[in-house]
Amino acid sequence: MKTYTPELDPVVLDRLRDYAALFAEDFPQAKPARWAGVYLQGLLLDGERKSVEPLSRRVTLPTGLTSKDPEQALQQFVNQSPWDEHAVLRRYRARMAQTFASPEGIFVIDDTSFPKQGKHAVGVQRQYCGALGKKANCQVAPSVHYVAPKGHYPLDLRLYLPDAWLADPKRLDQAGVPAAERRPLTKPQIALELLDRVRAEGLPGWAVVTDAGYGVSPTFRDGVAARGLFYMAGVTGDHVVFPEQPRWAVAPPNFRGRPPTRRYLAADNPPPVSLQELAQRVRLRKVTWREGTKGKLSARFAWRRVWPGQDWQHGTCADAQPLWLLIEEQADGQLKFAFSNLPPGTSCKKAVRLWKSRWPVEQGYQQLKEELGLDHFEGRSWRGFHHHAGLTFLAYGFLALERQRAAAAPKKRVKKKSAHGPDAAGHPASAAAPARATDARELPALPETPMDTHTNLTE
């Protein structure tokens, strides 16, 4: 995987200072804005953990910002300071859109999970944890990510609150959950709200891609379509469909009461089949969707029209419109399925490319967690969780902009600069703070976005 790793030298730190300054107006006072720059520096510096305690030992405070206890100051900044992460993220998205926004953009929706010990962290419960691949004690946050030809970056996320939390006002109070967030929302409902928020800001995009965690919900798929977007949504193999257009009939009148309107499947029409069963009947063919670092990436797929068959015994799906079904057979023989509302005539190759556009997002969230500390937050509050997550998004955005800048620059060898330079806020190091050897450390590398776009719907 090709990556770009800028060095945290004085020139990069100067750009980091300018980047952090973009968000100053969204903090209630100048001092929290300066601590934001310090926090970003700590997230970008090399280190095993990006929780507040180890982070506070790595940063260098800018001139004029002093603290007898930087750890306590950073704890207060991320957990108690009343700055609005929504305002900060709006400005972040606007800045990222200047460089990356495209009508070819795709919104990728996914869960981000955080394994936890204990029961006090906001939203924690035993539930499915994608990070572990099983049920475990964890927090889960639906998120939306943007993928465009020039790059990709996270847009927003919001913690899911299980019913057990919503039924316990005392617990919500202790975690500082705002009144406006104490609503019984499913993960698909949260995802649609996030999608509405980012699109209301004018961010262009034409499709939504998601896995079966969201795609199994007809309400979610219908909600995406109602917003004028195409979707490629994973579903499970136990879903049933009609391989051919079904025929429906209405029961004959019984001359008592109202005439019947409920429709039933015609007696001579075969019942629907599960996707797993259908996959055994159809022909799969090899499709290559892009060139990887180790050669062409390909698998076997089928792409065909089907008619939804949910609750067919009661005629619920009698008026359902046909959908596309994508069947993927992976290298280990495992089958994956997805429904789509792409237009008739869409080629299999275009559908596969859209489906595989989730790949950079998976890499991106791995980067957010392993390098930028998205899952290193150790606090318990709603505010602290979303403050920390928002700041890791800002750090990721800075790296994405740096990589785009490097890609646009002429190719030449650059001599490494001295390790002694200004701090993350772009000022000389404070006299009270010893010079650190971290100024020349490398920033985390970002995964590369595949540049084969897939906006044309037919070949």
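No value in this document is a laboratory result; all are computed from the given coordinates. For clarity, every value in this text was computed on a predicted model and none was experimentally measured. Here Cβ is always computed from backbone atoms with ideal geometry, including for glycine, and neighbour counts include all displayed protein chains.
Note down the relative contact order for the chain as a percent, whole number, built from C-alpha pairs under 8 angstrom at least six residues apart. Once normalised by length, the contact order is 26 percent. Each part reduced to its alpha carbon centroid, region 165-234 and region 278-351 end up 24 Å apart.
With contacts taken as Cα pairs under 8 Å at a separation of at least 6 residues, region 1-112 carries a relative contact order of 24 percent.
Which three numbers, in whole Å and largest first, are the semi-axes of the equivalent ellipsoid of region 113-168 derived from its Cα gyration tensor as √(5λ)?
On the way: eigenvalues 139, 36, 13 Å².
For region 113-168, the ellipsoid semi-axes come out as 26, 13, 8 Å.
Report the equivalent ellipsoid semi-axes for region 224-295 in whole Å, largest first, defined as the square roots of five times the eigenvalues of the gyration tensor built from alpha carbon atoms. Numbers along the way, then the final one.
Working: eigenvalues 326, 67, 17 Å².
So the three semi-axes of region 224-295 are 40, 18, 9 Å.
Across region 264-409, the mean sequence separation of Cα contacts (distance under 8 Å, 6 or more residues apart), normalised by length, yields a relative contact order of 15 percent. Annotation: for a label point projected 7 angstrom from Cα along Cα→Cβ of Arg305, residues of region 218-247 with backbone N closer than 17 Å are 241-247.
Using the Cβ-Cβ distance between Ala226 and Ala180 with R0 set to 35 Å, the FRET efficiency works out to roughly 0.90. Shown for the chain: cysteine residues without a partner Cβ closer than 4.7 Å, namely Cys317, Cys348.
The overall shape of region 174-294, judged from the alpha-carbon gyration tensor, is oblate: a/c is not under 1.5, and a/b is no greater than b/c.
A cut-off under 9 angstrom between Cβ atoms defines the neighbours of Leu323, and their net charge, with Lys, Arg +1 and Asp, Glu -1, is +2. Relative to the current alpha-carbon distance between Asp173 and Leu132, full extension at 0.36 nm per residue lengthens the span by 11.8 nm. Which of rounded, prolate or oblate describes region 274-396 when judged by the alpha-carbon gyration tensor and an a/c cut-off of 1.5? Oblate, because a/c is 1.5 or more while a/b does not exceed b/c.
So how do 50-61, 16-27, 388-399 stack up, highest first, on mean other-Cβ count within 10 Å?
Numbers: 50-61: 20.3, 16-27: 17.6, 388-399: 24.4.
Result, highest mean Cβ count within 10 Å first: 388-399, 50-61, 16-27.
Treating r as the C-beta distance of Arg290 and Arg258 and R0 as 51 Å, the FRET efficiency rounds to 0.35.
For region 26-132, just say rounded, prolate or oblate: build the C-alpha gyration tensor, square-root its eigenvalues into a ≥ b ≥ c, call rounded for a/c under 1.5, and beyond that prolate if a/b exceeds b/c, oblate if not. Intermediate values should be presented prior to the final figure.
Values: a/c = 1.88, a/b = 1.15, b/c = 1.63.
The shape class here is oblate.
Counted residue by residue at 0.36 nm each, then reduced by the alpha carbon distance between them, the extension gain from Asp332 to Thr316 reaches 2.1 nm. Helices assigned as whole DSSP H runs in the chain whose Cα atoms extend at least 18 Å along their own long axis and whose mean Kyte-Doolittle hydropathy is -1.0 or higher are found at 30-44, 85-100, 187-200, 382-408.
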